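Some notes on the structure that comes next.
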Amino acid sequence: MFRLLDVKLEELDDWNCCGATSYMSVDETQAFELSARNLSLAGAKGGGDLVAPCSACYLVLRKTQDYVAKYPEIRKRVESSLWAAKLPMMDGVKTRHPLEVLYNDIGAKQIKAKTVAQVEGRSGDLLLRLPGDRPYYEVDKPVRQTRMEELLEAARNPHGRLRPEDQVLRRLADRHDSRGRRAPELHPAEGGGAQGRQGAGDHLPLCQFNLDAYQSEIRKREHESIEMPILYFTQVFGWALGGDFRALGCSAASREGPWSNNGSPRRRRSQPMSKLNGDIRIGVYVCHCAPTSGTVDVMEVAKSAADLPRVAVSREYKYMCSDPGQELIQKDIRENGINRIVVASCSPLLHEHTFRVATEKAGINPYFVQMVNIREHDSWVHQDKAAATEKATDLIRAAVLRVASTSPWKKGRCSSIPTFMIVGGGIAGIHAALTLANAGKKVYLVERDPTIGGHMAKFDKTFPTLDCAACILTPKMTAVKAHPNITLWTLSEVSQVEGYVATTR
């Protein structure tokens, strides 16, 4: 968006998220130190303005600056931390929000002059969550926020000032439904928030994510979907300024712009998933397995799974791992075109191989099988049947999403490097190095101190026999030095690891 407005922003390397995490409530001092690190990195670039794209980061950065200025003890700790990291103090940096930059530095007049695509729609088609409840008046007025409205009007948005009923997302961050999920206003049955609207815009990326994610809850609970684009406010302006929707990070739903002119968002009633996404047909199989069925309502779980996306078949059976249970899966693969399998039963350690072999015999890739452990992970650790049943349903939903995105795997062989590196030359590292070396393997033993031995070398006697520590350790240290298969590197540390299992370097 800023590039389209001829404003150059330089990305700050090695940025640390400082707002949408929990550490401010866990350890406030560390939170200040991490935020100060961002400010210090910005200062090292020559000072100036630091534009925080997220309101949460903006809040914590400003709070850090204020507290460091007001409280000497906090400033002392922050300075000590920055000094240890060889970073300059964070003075001389101004933290700013993108909306404030857009409003004060660029202005509605320039936005209007550069607008090439109108953000069209009937009055009320656009839901906005305006930037309220944030400190410092630079971003907007504390009570009646108007800046985003004025900028949207400059982008030829016909809404003018939004009516109070159009601002149902203003207090969204403080409202949750009974299950702790955000954004009940999106559902027309819960207050009419999204009825007839074509999109929602937000100034906080985390709330944008929550709004988008809640649409799947509508599909789950109401079997109805409101296909509404949820956009960050810079995407709205970027599109109006002629930006490509993909470059702006907009989804395919926004291909014709954030909002089309054809009225309400598209809504569809759930169909049997065998009619949707024809390339992927998932079969869900829930096992009663005596210990499980006592706590989990298997029948209800199987019924709920039938309504999940891409699920063509959902069944329950007494013992899925038995021959009849495996034959049930194979029959569905042949007759119903099932090409992905989710089995909800016991631990994968017991029967994952069983189900992979069964599906491979039926002609599909054995790695298209996903197991859900509703026995050890659910039934055995819960007494409340309703809660255990709901948990089993959630676990299966996650497995369905995962198996739907799984790519076919093939077994293969690759050459390995029969060489080992052991990091740390304590007694454990020494013993491991000698064991491998005596088995004929080449070993590199890396120790950051001048000599190996570790803490044991500092002891007089060892527990429980009270034997002399040096008497045990010294022969092993000598053996490491003399062994032809061991290369010892002291005063050394690992700087980089590349490759993957069996080819690591």
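The values are calculated or read from the model by the stated rules, or taken from the named source; none is laboratory data. Owing to the predicted nature of the structure, the values given are computational and were not obtained by experimental measurement. All Cβ positions, glycine included, derive from the backbone under ideal geometry; neighbour counts span all protein chains shown. Surface areas here come from the heavy atoms of the whole protein model, side chains and all, with no ligands, DNA or RNA. Shrake-Rupley method; radii C 1.70, N 1.55, O 1.52, S 1.80 Å.
Table for the structure above
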{"read-out": "Cα→Cβ-extended label distance, 7 Å offset, between Thr503 and Val381, nm", "value": "3.6"}
{"read-out": "Mean-position separation - Cα centroids, region 342-356 and region 43-107, in angstrom", "value": "52"}
{"read-out": "Heavy atoms of Met477: accessible area, 1.4 Å probe, square angstrom to 10", "value": "50"}
{"read-out": "Out-of-range pairs (alpha-carbon distance over 31 Å; input Lys411/Lys441; Lys385/Lys410; Lys8/Lys70; Lys303/Lys410; Lys8/Lys112)", "value": "Lys385/Lys410; Lys8/Lys70; Lys303/Lys410"}
{"read-out": "Gain in span if fully extended, Ala113 to Ala482, counting 0.36 nm per residue against the direct Cα distance", "value": "125.0 nm"}
{"read-out": "Length released on extending from Thr146 to Phe459, taking residue separation times 0.36 nm less the Cα-Cα span", "value": "105.7 nm"}
{"read-out": "Potential lengthening between Asp27 and Lys94 on full extension [0.36 nm per residue; Cα-Cα distance subtracted]", "value": "21.7 nm"}
{"read-out": "For Phe420, residues with placed amide H under 5 Å, excluding near neighbours", "value": "Lys442, Val443, Tyr444"}
{"read-out": "Computed FRET value (nearest 0.05) for Thr406 with Ala85, which takes r as the C-beta separation and R₀ as 45 Å", "value": "0.60"}
{"read-out": "Cα-centre dipole for region 380-441 with unit charges at Cβ (Lys and Arg positive, Asp and Glu negative), debye to 20", "value": "360"}
{"read-out": "Convex hull of region 379-477 built on C-alpha atoms - directionally averaged projected area, nm²", "value": "13.5"}
{"read-out": "Estimated distance in nm for a label pair at His353 and Asp49, the labels positioned 7 Å out from Cα along Cα-to-Cβ", "value": "6.3"}
{"read-out": "Entries of Lys442/Lys481; Lys63/Lys86; Lys94/Lys114 with Cα pairs more than 18 Å apart", "value": "Lys63/Lys86; Lys94/Lys114"}
{"read-out": "Zone of Ala439's modelled label, taken as backbone nitrogen in region 384-416 under 16 Å from a point 7 Å along Cα→Cβ", "value": "416"}
